[in-house]
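Only one structure is covered here, and it is reproduced in the block below.
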Amino acid sequence: MAAGSTGAQAKCNGMSPNIRLGAKHKKFSFRYKKTCLEIVSRYNGDSQMSKINIVELEIFCRVGISDEAREKPQRFLVTLDMDYDFSSAAISDRINRTIDYGELMDRLKHFGERRTWKLMETLATDIANKVLKDFHPERVTVELKRFPAADVRYVSVLVTREQLVFEDFKRPWWWGGWR
């Protein structure tokens with residue numbers, strides 16, 4: 001480490017060009033030292049990621065083991081916790097640089113109109129995968145609450161999913177191809 005430099009700066013200067021980045025970070029430029037420092041601190045475990053929360057959005061879906069349970073839609077409350085770096089949106093004040101949570105809530109309200117699920121675990125996983133695919137947060141946590149009976153306040157399922165980072169994929173030794 002050079003004299004007078006911080007640990008983050010030293011790591012930033014010695015950073016390899018194929019840094020682990022998610023799909024939404026392709027637009028990052030390493031021209032600015034600030035951006036480089038934010039990326040290094042994020043992967044060192046320091047919390048630089050911002051969060052967007054949607055708490056207890058009411059949706060109706062057909063979920064149940066039996067056919068009778070899936071005949072009419074049931075009430076669920078969905079809570080989303082999304083890790084997303086919206087610092088560029090905060091600077092530019094543009095909606096296209098962040099997650100449009102109004103559009104996300106509209107999509108979630110209509111998510112269960114044409115499908116049925118046997119398990120609420122599958123529904124929660126499908127919601128998490130849909131949010132990752134369409135809105136590209138780094139990580140999403142979905143809590144799905146169901147109200148099955150009068151003697152129970154609610155039953156909930158909690159699912160966390162992250163974006164895939166393809167740089168982490170290592171080819172096995174036998175995947176050399178034919179030469």
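Is it the case that some residue within segment 93-100 is among the acidic types (Asp, Glu) and either modelled with pLDDT of 90 or more or in the same structural domain as Val142 (by TED's automatic domain parsing) (or both)?
Yes, that holds for at least one residue.
Conditions tested, residue by residue: (1) of a type outside the set (A, V, I, L, M); (2) modelled with pLDDT under 90; (3) within 28 Å of Tyr101 (Cα to Cα); (4) in a helix (DSSP H, G or I).
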| residue | (1), (2), (3), (4) |
| --- | --- |
| Pro137 | yes, no, yes, no |
| Val140 | no, no, yes, no |
| Leu144 | no, no, yes, no |
| Ala149 | no, yes, no, no |
| Leu158 | no, no, yes, no |
| Leu164 | no, yes, yes, no |
| Trp173 | yes, yes, no, no |
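With Arg42, Arg20 as the choices, which residue is at pLDDT below 90 and closer than 18 Å to Val140 by Cβ?
The conditions single out Arg42.
Would you check if there is a residue in segment 68-88 being without any contact (Cβ under 8 Å) to a residue 24 or more places away in the chain, outside any loop (DSSP other than H, G, I, E, B), within 23 Å of Arg139 (Cβ to Cβ) and more than 16 Å from the chain's Cα centre (by Cα)?
yes
If I filter segment 93-109 for residues that are within 14 Å of Asn53 (Cβ to Cβ), surrounded by 15 or more Cβ atoms within 10 Å (Cβ to Cβ) and touching a Ser or Thr at 6+ places or on another chain (Cβ under 9 Å), do I get at least one hit?
There is at least one residue in segment 93-109 that is within 14 Å of Asn53 (Cβ to Cβ), surrounded by 15 or more Cβ atoms within 10 Å (Cβ to Cβ) and touching a Ser or Thr at 6+ places or on another chain (Cβ under 9 Å).
Sort out which residues of segment 70-87 are surrounded by 14 or more Cβ atoms within 10 Å (Cβ to Cβ) and either closer than 13 Å to Arg146 by Cα or among the hydroxyl-bearing types (Ser, Thr, Tyr) (or both), and write them in order of number.
Pro73, Gln74, Phe76, Leu77, Val78, Thr79, Tyr84, Ser87
Quick grid of which residues meet (1) acidic (Asp, Glu); (2) closer than 23 Å to Gln163 by Cα:
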{"position": "Glu56", "(1), (2)": "yes, no"}
{"position": "Cys61", "(1), (2)": "no, no"}
{"position": "Tyr84", "(1), (2)": "no, yes"}
{"position": "Ile95", "(1), (2)": "no, yes"}
{"position": "Phe111", "(1), (2)": "no, yes"}
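The values are calculated or read from the model by the stated rules, or taken from the named source; none is laboratory data. Since the structure is predicted, the reported quantities are computational estimates derived from the model, not experimental observations. Glycine gets a Cβ as well: all are built from the backbone with ideal geometry, and neighbour counts include every protein chain shown.
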